[in-house]
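Q: Input: one structure, supplied below.
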Amino acid sequence: MAYDRYVAICKPLHYGTLLGSRACVHMAAAAWASGFLNAVLHTANTFSLPLYQDSAVDQFFCEVPQILKLSCSDSYLREIGVLVFSICLFFVCFVFIFVSYMQIFWAVLRIPSEQGRHKAFSTCLPHLAAVSLFISTGMFAYLKPPSISSTALDLMVAVLYSLVPPAVNPLIYSMRNQELRDALKKLIQSVVPQYL
């Protein structure tokens, strides 16, 4: 999405050639392949762990940190290798998005009209909001210190980062639609006075 916005704003006359079906297939294949490789590494590492016999995961779906808590062996060295790969993958994606948006913002700031700058920024903000929501909740879930870890907090954070970003994504991207904003404003105005 960042590359799409970059080409649309910084190289609009080359959009059709730079983002043809071949480029889209390559980007989708790279995203799927890297996600699949990351998942396979985590899954292989997790299934190779010896677990206690009487153990239950305190969540409604299995996550790597929860399964590591059930391991009866010291699995940190293997997990560090998988985490290093995941962090490298995340870092490459983050740098790509960051560089794309820095070039976008630089190009938008050079647009002479206020209306043109507003229109260009409004196409980028939904993507930035969706990515920021996913990254911030995911980072909190996986990087929070174990000292504040509890079953209820772990469950709440897992729901927060796995369900909230995909559920809010359509709302974030559709807020550019004026009719939807008007309908949402009307709904909020009709509901809020009832509770005040």
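The values are calculated or read from the model by the stated rules, or taken from the named source; none is laboratory data. All values reported here derive from a predicted model rather than from experimental measurement. Cβ sites come from the backbone with ideal geometry, for glycine too, and all protein chains shown count toward neighbours.
Okay, residues lined up against (1) in contact (Cβ under 8 Å) with a residue 12 or more places away in the chain; (2) closer than 25 Å to LEU171 by Cβ:
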| residue | (1), (2) |
| --- | --- |
| VAL84 | no, no |
| ILE87 | no, no |
| CYS93 | no, yes |
| MET102 | no, no |
| ARG110 | no, no |
| HIS118 | no, yes |
| THR123 | yes, yes |
| HIS127 | yes, yes |
| VAL131 | yes, yes |
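Q: Starting from residues that are touching a Gly at 6+ places or on another chain (Cβ under 9 Å) and among the hydroxyl-bearing types (Ser, Thr, Tyr), keep the ones in the stretch 125-177 and report whichever is surrounded by the most Cβ atoms within 10 Å (Cβ to Cβ).
A: Ranking the candidates gives TYR161 first.
Q: Next up: Is it the case that LEU89 is closer than 24 Å to SER132 by Cβ, touching an Asp or Glu at 6+ places or on another chain (Cβ under 7 Å) and either modelled with pLDDT of 80 or more or hydrophobic (A, V, I, L, M, F, W, C) (or both)?
A: Spelling it out, it is not the case that LEU89 is closer than 24 Å to SER132 by Cβ, touching an Asp or Glu at 6+ places or on another chain (Cβ under 7 Å) and either modelled with pLDDT of 80 or more or hydrophobic (A, V, I, L, M, F, W, C) (or both).
Q: With respect to the numbered conditions (1) under 27 Å from SER100 (Cα atoms); (2) part of a helix (DSSP H, G or I), which one is the sole condition not fulfilled by ALA158?
A: Of everything listed in (1) under 27 Å from SER100 (Cα atoms); (2) part of a helix (DSSP H, G or I), ALA158 misses just condition (1).
Q: Select from the stretch 33-54 the residues that are surrounded by 11 or more Cβ atoms within 10 Å (Cβ to Cβ) and in contact with a strand residue (DSSP E or B) (Cβ under 8 Å, 6 or more places away or on another chain) and write down the one among them that is farthest from ILE104 (Cα to Cα).
A: LEU51
Q: Considering each of LEU155, LEU163, LEU143 in turn, give the residue that is farther than 20 Å from GLY35 by Cα and not assigned by TED's automatic domain parsing to the domain that holds ALA30. Steps first, answer last, please.
A: Working: LEU163 fails: farther than 20 Å from GLY35 by Cα; LEU143 fails: farther than 20 Å from GLY35 by Cα.
Sole residue among the options that is farther than 20 Å from GLY35 by Cα and not assigned by TED's automatic domain parsing to the domain that holds ALA30: LEU155.
Q: Let me ask something else. Looking at (1) in contact with a Lys or Arg (Cβ under 8 Å, 6 or more places away or on another chain); (2) of a type in the set (A, V, I, L, M, F, W, C); (3) not assigned by TED's automatic domain parsing to the domain that holds SER34, which is the one condition that is false for ILE104?
A: Every listed condition holds for ILE104 apart from (3).
Q: Sticking with this one: If ILE111 satisfies every condition in (1) hydrophobic (A, V, I, L, M, F, W, C); (2) modelled with pLDDT under 80; (3) surrounded by 13 or more Cβ atoms within 10 Å (Cβ to Cβ) but one, which is the exception?
A: All conditions pass for ILE111, except number (2).
Q: Can you give me the number of residues within the stretch 70-86 that are of a type in the set (D, E, K, R) and either modelled with pLDDT of 85 or more or surrounded by 13 or more Cβ atoms within 10 Å (Cβ to Cβ) (or both)? Show your work before the answer.
A: Kept after step one, since they are of a type in the set (D, E, K, R), are these residues of the stretch 70-86: 74, 78-79.
So of that shortlist, the ones also either modelled with pLDDT of 85 or more or surrounded by 13 or more Cβ atoms within 10 Å (Cβ to Cβ) (or both) come out as 78-79.
Result for the stretch 70-86: 2.
Q: Kindly indicate whether any position in the stretch 20-32 is in contact with a helix residue (DSSP H, G or I) (Cβ under 8 Å, 6 or more places away or on another chain), surrounded by 11 or more Cβ atoms within 10 Å (Cβ to Cβ) and either modelled with pLDDT under 80 or within 20 Å of VAL84 (Cβ to Cβ) (or both).
A: To start, the set of residues in the stretch 20-32 that are in contact with a helix residue (DSSP H, G or I) (Cβ under 8 Å, 6 or more places away or on another chain) comprises 27.
When the remaining residues are screened for being surrounded by 11 or more Cβ atoms within 10 Å (Cβ to Cβ), the result is 27.
From what is left, the residues that are either modelled with pLDDT under 80 or within 20 Å of VAL84 (Cβ to Cβ) (or both) are none.
Checking the stretch 20-32: not a single residue is in contact with a helix residue (DSSP H, G or I) (Cβ under 8 Å, 6 or more places away or on another chain), surrounded by 11 or more Cβ atoms within 10 Å (Cβ to Cβ) and either modelled with pLDDT under 80 or within 20 Å of VAL84 (Cβ to Cβ) (or both).
Q: Has the stretch 119-131 got any residue that is under 26 Å from MET27 (Cβ atoms), polar (S, T, N, Q) and assigned to a helix (DSSP H, G or I)? Please lay out each step first, then the result.
A: Pass one, the stretch 119-131, residues under 26 Å from MET27 (Cβ atoms): 119-131.
This time we only want the ones that are polar (S, T, N, Q), so: 122-123.
With the extra rule that they be assigned to a helix (DSSP H, G or I), the set shrinks to 122-123.
Looking for residues that are under 26 Å from MET27 (Cβ atoms), polar (S, T, N, Q) and assigned to a helix (DSSP H, G or I), one finds at least one in the stretch 119-131, hence yes.
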